[in-house]
Amino acid sequence: TRPNIWALKPYSSARDEYSGKEASVFLDANENPYNTPNNRYPDPLQRELKGLIGRIKKVSPEHIFLGNGSDEAIDLPFRAFCRPGIDNVVAIEPTYGMYQVCADVNDVEYRKVQLDANFQFKAADLLAAADEHTKLIFLCSPNNPTGNNLCREEILTLLRQFEGLVIVDEAYADFSDQPSFLQQLDEFPNLIILQTFSKAWGCAAIRLGMAFASKEIIDLLNKIKYPYNVNRLTQQEAIRMIEKHYQVQQWVASLLKERTRLMTEFEKLPCCEHIYPTDANFFLTRVSNAKKIYDYLVDKGIIVRNRSNVALCHNCLRITIGTHPENDALLEALKNYKEDEA
Ligand code: PMP
């Protein structure tokens with residue numbers, strides 16, 4: 001922990017200080033008493049929502065941090081643990097871009113270790129890149145943009161051997177048949193797991209991310225977060241979504257079915273050179289000319305992600321699984337794509 005964070009006296013929000021007493025007249029927070037219920041500040045610790053998330057994830061609420069997207073939960077560990085200009089973090093490459101952005105914003109050196117040709121890593125290589133100033137190691141499984149799960153044994157080795165914190169980003173874990181690392185929380189006090197409502201839960205717009213970790217780590221993240229980082233509408237909508245949890249499973253099942261269909265058809269296209277195996281709701285594909293195909297699709301109103309400039313992803317597009325008609329629109333457009341004319 002950074003010394004200034006250790007010593008920090010956190011902001012105490014209006015409703016933190018009286019507790020356990022019944023109250024009905026709130027003249028403490030400079031709110032406007034009209035316009036109920038949006039006039040009142042939301043619960044800074046999102047207790048009701050954490051209770052529900054705890055129940056479905058089988059984790060006690062004191063092990064849960066909720067943030068403004070998992071992007072907030074990526075940034076806060078930098079601010080809690082890494083001294084600007086002194087400490088560093090290690091991450092696999094390629095991976096989700098926000099780890100490096102947060103490192104850069106916080107003036108923390110970002111050390112990349114390239115994945116192998118199967119998009120896998122060796123714990124020993126990440127440990128070799130680390131030194132006494134390495135505070136965090138970032139892993140993403142299933143990884144973005146490659147789509148594959150990282151090898152579980154290597155992650156476990158890292159958790160056992162690295163003295164700093166290992167952050168395992170499971171944003172896409174709901175699409176994978178590998179178990180989450182949530183069951184390992186008690187075993188590894190240096191583990192932070194990230195999950196999100198933005199993918200399988202279909203709630204990218206409400207901005208709700210989750211971090212699961214030891215009580216000590218969660219207390220630190222809560223200490224430095226903005227007081228009301230998850231707004232009332234978000235908390236309310238997430239509660240509503242959890243109450244109809246079954247629909248998420250149906251969505252995942254449909255998307256996995258669509259993924260198989262789209263990948264099977266995509267592979268037959270003349271422009272497709274290779275499709276990488278995936279455990280997520282997207283796949284990475286090497287095509288004949290990523291830039292041309294990307295521009296051609298934009299012209300047809302279809303947006304995919306061009307990952308050509310990313311390490312190991314030369315000429316690669318990352319394609320999200322859409323609805324049946326959306327996937328058909330992509331296939332139809334690419335059937336009409338001619339390399340020379342484009
Ligand atoms: N982690 C990964 C691996 C992602 O791909 C994304 C979104 N693209 C995020 C985290 C951020 O998700 P959120 O919407 O929860 O901020």
*Cysteines having no other Cys beta carbon under 4.7 Å from their own, within the chain*: 82, 102, 140, 151, 203, 271, 272
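If we count every other residue with Cβ under 15 angstrom of residue 162's Cβ, Lys/Arg +1 and Asp/Glu -1, where does the sum land?
Surrounding charge for residue 162 is -4.
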*Over the Cα atoms of the stretch 1-50, what Rg and Dmax result, in angstrom?*
14.4, 43
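With contacts defined as alpha carbon pairs under 8 Å and 6 or more residues apart, what's the relative contact order of the chain in percent?
Computed over the chain, the figure is 17 percent.
Once the Cβ-Cβ distance between residue 331 and residue 5 is put in as r, and R0 is 56 Å, what FRET efficiency do you end up with, to the nearest 0.05? Present the calculation step by step, with values, prior to reporting the outcome.
On the way: r = 51 Å, r/R0 = 0.91.
The calculated FRET efficiency here is 0.65.
Given contacts defined as C-alpha pairs under 8 Å and at least six residues apart, what's the relative contact order of the stretch 1-113, whole-number percent? Could you put the intermediate results ahead of the total?
Details: 83 pairs, mean separation 23.6, N = 113.
In percent, rounded to a whole number, it is 21.
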_Among 30, 198, 70 - extreme Cα towards positive end, dipole of the chain, charges at beta-carbon_ = 30
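Give, rounded to the nearest 20 debye, the magnitude of the charge dipole that the stretch 204-342 has about its Cα centre when Lys and Arg contribute +1 at Cβ and Asp and Glu contribute -1 at Cβ. Kindly include the intermediate steps, with their values, before the conclusion.
Details: 20 positive and 17 negative charges, 103 e Å.
Dipole magnitude for the stretch 204-342 comes out near 500 debye.
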*Probe 1.4 Å, all protein chains in place: accessible area of residue 251 in Å², nearest 10?*
90
*If you put +1 on each Lys and Arg Cβ and -1 on each Asp and Glu Cβ, how big is the dipole of the stretch 67-204 around its Cα centre, in Debye rounded to 20?*
60
_Compactness of the stretch 25-77, expressed as Rg and Dmax over alpha-carbon positions, Å_ = 14.6, 39
*Given H placed on each backbone N at 1.01 Å, which residues far from residue 134 in sequence or on other chains put an amide H within less than 5 Å of it?*
88
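Classify the stretch 162-223 as rounded, prolate or oblate from the Cα gyration tensor: take a ≥ b ≥ c as the square roots of its eigenvalues, call it rounded if a/c is under 1.5, otherwise prolate when a/b beats b/c and oblate if not. Don't skip to the end; give the middle numbers.
Values: a/c = 2.69, a/b = 1.38, b/c = 1.94.
Oblate, because a/c is 1.5 or more while a/b does not exceed b/c.
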*Can you give me the Cα centroid spacing of the stretch 292-310 and the stretch 147-189 in angstrom?*
32
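Sort 277-290, 305-318 by packing, meaning the average of other beta carbons within 10 Å per residue, with the highest value first.
Top of the packing list down: 277-290, 305-318.
Quick one: net charge around residue 81, please, counting Lys, Arg +1 and Asp, Glu -1 for every other residue with C-beta under 14 Å from its C-beta. All intermediate terms of the calculation are to be shown ahead of the outcome.
Details: positive: 2, 79, 83, 135, 223; negative: 75, 87, 107, 109, 132, 163, 216, 219.
Result for the local shell: -3.
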*Please figure out what share of the DSSP beta bridges in the chain is antiparallel and state it in percent, rounded to the nearest 5.*
50
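Highest mean first, how do 179-190, 34-45, 73-84 rank when packing is the count of other Cβ atoms within 10 Å averaged over residues?
Values: 179-190: 15.4, 34-45: 13.6, 73-84: 21.4.
Highest to lowest by the protection proxy: 73-84, 179-190, 34-45.
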*asked:* At 7 Å along Cα-to-Cβ for each site, give me the label-to-label distance between residue 216 and residue 246 in nm.
replied: 4.4
*What is the stretch 102-151 by shape, rounded, prolate or oblate, if you read a ≥ b ≥ c off the alpha carbon gyration tensor as root eigenvalues and call it rounded for a/c under 1.5, prolate for a/b larger than b/c, and oblate otherwise?*
oblate
_Please compute the contact order of the stretch 100-201 in relative form: average sequence separation of alpha-carbon pairs under 8 Å and at least six residues apart, divided by the residue count, as a percent._
23
*Name the lysines eligible as straight-distance cross-link partners of residue 292: C-alpha to C-alpha under 23 Å, and not fewer than 8 places from it in the same chain.*
268, 300, 335, 338
_What does the charge count around residue 224 come to, taking other residues whose C-beta lies under 12 Å from its C-beta (Lys +1, Arg +1, Asp -1, Glu -1)?_
+2
*Let me see the pair-distance distribution of the stretch 67-199: every alpha carbon pair, 5 Å bin width, integer percents in order.*
2, 11, 23, 25, 23, 13, 3, 0
*HN-Hα J couplings of the stretch 7-15 from phi, Karplus 6.51/-1.76/1.60, θ = phi - 60°, integer Hz, Gly and Pro as x?*
7, 4, 9, x, 4, 9, 7, 3, 8
_Phi to ³J(HN,Hα) by Karplus 6.51 cos²θ - 1.76 cosθ + 1.60 over the stretch 159-166, Hz, x for Gly, Pro_ = 4, 6, 9, 8, 7, x, 9, 10
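So, with +1 on the Cβ of K and R and -1 on the Cβ of D and E, and no other charges, what is the size of the charge dipole of the chain about its Cα centre, to the nearest 20 debye?
For this selection, approximately 500 debye.
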_Evaluated at q = 0.11, 0.16, 0.19, 0.20 Å⁻¹: base-10 log I(q)/I(0), Debye formula over Cα of the stretch 191-342_ = -0.59, -0.96, -1.13, -1.19
*For residue 196, which sequence-distant residues (separation of 5 or more, or a different chain) have an amide H within less than 5 Å of its own amide H, given hydrogens modelled in the peptide plane?*
210
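If each residue of separation counts as 0.36 nm, what is the full-extension length gain between residue 118 and residue 232 once their alpha-carbon separation is subtracted? It would help to have the intermediate numbers written out before the result.
Numbers: separation 114, 0.36 × 114 = 41.04 nm, distance 4.30 nm.
Contour length minus Cα-Cα distance gives 36.7 nm.
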*Label residue 239 and residue 129 with points 7 Å out from Cα along Cα→Cβ: what is the distance between them in nm?*
4.3
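When Rg is the radius of gyration of the Cα atoms in the stretch 187-234 and Rh is its Kirkwood radius, what does Rg/Rh come to?
Numbers: Rg = 12.4 Å, Rh = 12.2 Å.
Result: Rg/Rh = 1.02.
Can you list the equivalent-ellipsoid semi-axes of the chain, largest first and in whole Å, using the square root of 5 times each Cα gyration tensor eigenvalue? It would help to have the intermediate numbers written out before the result.
On the way: eigenvalues 280, 138, 64 Å².
Result for the chain: semi-axes of 37, 26, 18 Å.
The values are calculated or read from the model by the stated rules, or taken from the named source; none is laboratory data. Model, not experiment: these values are computed from the prediction. We place every Cβ from the backbone using ideal geometry, glycine too, and count neighbours over all the protein chains shown. Quick note on the areas: whole protein, heavy atoms, side chains included, nothing else; ligands and nucleic acids left out. Shrake-Rupley method; radii C 1.70, N 1.55, O 1.52, S 1.80 Å.
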